[in-house]
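Each remark here refers to the structure printed beneath this line.
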Amino acid sequence: MPIQAVFFDLGGVILLTEYQAPRQHLADRLGMEFEDLDRLVFNSGSARKAFIGEITEEQHWAEVAKRLRRPLTEANALRDEFFGGDALDLTLVNFLRSIKPYYTTGLISNAWSGLRTYIIEHKFDDAFHTMTISAEVGVTKPEARIYLLALEQAGVQPEAAVFVDDFIENVEGARAVGMSAIHFRGHESALNELKNML
């Protein structure tokens, strides 16, 4: 079956931490190891709840501030500093825009409640026909249900879809439901592989 839909992950693929310096500086300022800060933001109990929409992104960052023994008024500043080195890969965004007239383009992301607003505010929502965000649907990759929801939104069969993600377990999760999938290791190799499939 020919490919009809192309899905991308966001973090680590379209949105990259291009500069580690802001996170490292924040960790140093807080007197903690970089890895411990990273774990607190992405792998703590409140992070996991935020990923499936049990709490909002704001509530998660309030919990981060509390765990760091910082006043709640600093929660937004902590978030902004932590993500200060992130940058959009415009090559991928523009590629998605270029194929959108011919293929259904979609996002499948493990992300918190603020992601859709972030994408709209940064003006790249036009790259996607559909956005399947874990906090909105209550399930995360690599669980089968999130891929099936994305396919349902796009109106395509698994065999007619391809997914690009930087985590091999998420690639394998997509393949398990019958999708084609590409393990992202950089935009040049991923785009070459994707173009060959299209």
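Taken together, the values in this text are just the output of simple stated rules run on the coordinates, not laboratory data. Note that the structure is a prediction, hence the values are computed from the model and not measured. Note: ideal-geometry Cβ built from the backbone for every residue, glycine included; neighbour counts use all protein chains shown.
Here each label is just a point 7 Å from Cα along the line to Cβ, and for MET197 and ILE99 those points are 0.8 nm apart. Evaluating 6.51 cos²θ - 1.76 cosθ + 1.60 at θ = phi - 60° for every residue in region 23-31, the Karplus couplings come out as 5, 5, 4, 5, 4, 4, 5, 8, x Hz, glycine and proline recorded as x.
Based on the mean of other beta carbon atoms within 10 Å per residue, what is the order of 122-132, 35-45, most packed first? Provide the component values of the computation, followed by the final result.
Details: 122-132: 17.5, 35-45: 13.9.
Order by mean packing, descending: 122-132, 35-45.
Between the amide H of HIS129 and those of THR105, GLY106, distances stay under 5 Å, these residues lying 5 or more places away or on another chain, with hydrogens modeled in the peptide plane. Residues in region 131-139 carry Karplus couplings, in order, of 10, 10, 10, 4, 5, 8, 10, x, 8 Hz; the curve used is 6.51 cos²θ - 1.76 cosθ + 1.60 with θ = phi - 60°, and Gly or Pro positions show x.
Each stretch of four or more DSSP H residues adds -39500 (n - 2.57); spread over every residue of the chain, this sum gives -14000 deg cm²/dmol at 222 nm. Straight-line cross-link reach from LYS66 at under 27 Å between alpha-carbon atoms covers these lysines, not counting any fewer than eight positions away in the same chain: LYS49. Taking each residue as 0.36 nm, the span from GLU159 to ALA144 lengthens on full extension beyond its C-alpha to C-alpha distance by 4.0 nm. Beta bridges assigned by DSSP with both partners in the chain are antiparallel in approximately 15 percent of cases. Stretched out straight at 0.36 nm per residue, the stretch from ASN43 to GLU74 would grow longer than its current Cα-Cα span by 9.1 nm. Here region 45-185 is assigned +1 on the Cβ of each Lys and Arg and -1 on the Cβ of each Asp and Glu. Its dipole about the Cα centre then comes out at about 180 debye.
Once a ≥ b ≥ c are taken as the square roots of the eigenvalues of the Cα gyration tensor of region 19-82, is the result rounded (a/c under 1.5), prolate (a/b larger than b/c) or oblate (a/b not larger than b/c)? Because a/c hits 1.5 or more and a/b exceeds b/c, region 19-82 counts as prolate. Efficiency by 1/(1 + (r/R0)^6): what FRET value for GLU81 and GLU172, r their Cβ-Cβ distance, R0 = 35 Å, to the nearest 0.05? Once rounded, the FRET efficiency stands at 0.55. Between ILE55, HIS122, GLY186, the Cα set farthest toward the positive side of the dipole of the chain (charges on each charged residue's Cβ, about the Cα centre) is that of ILE55.
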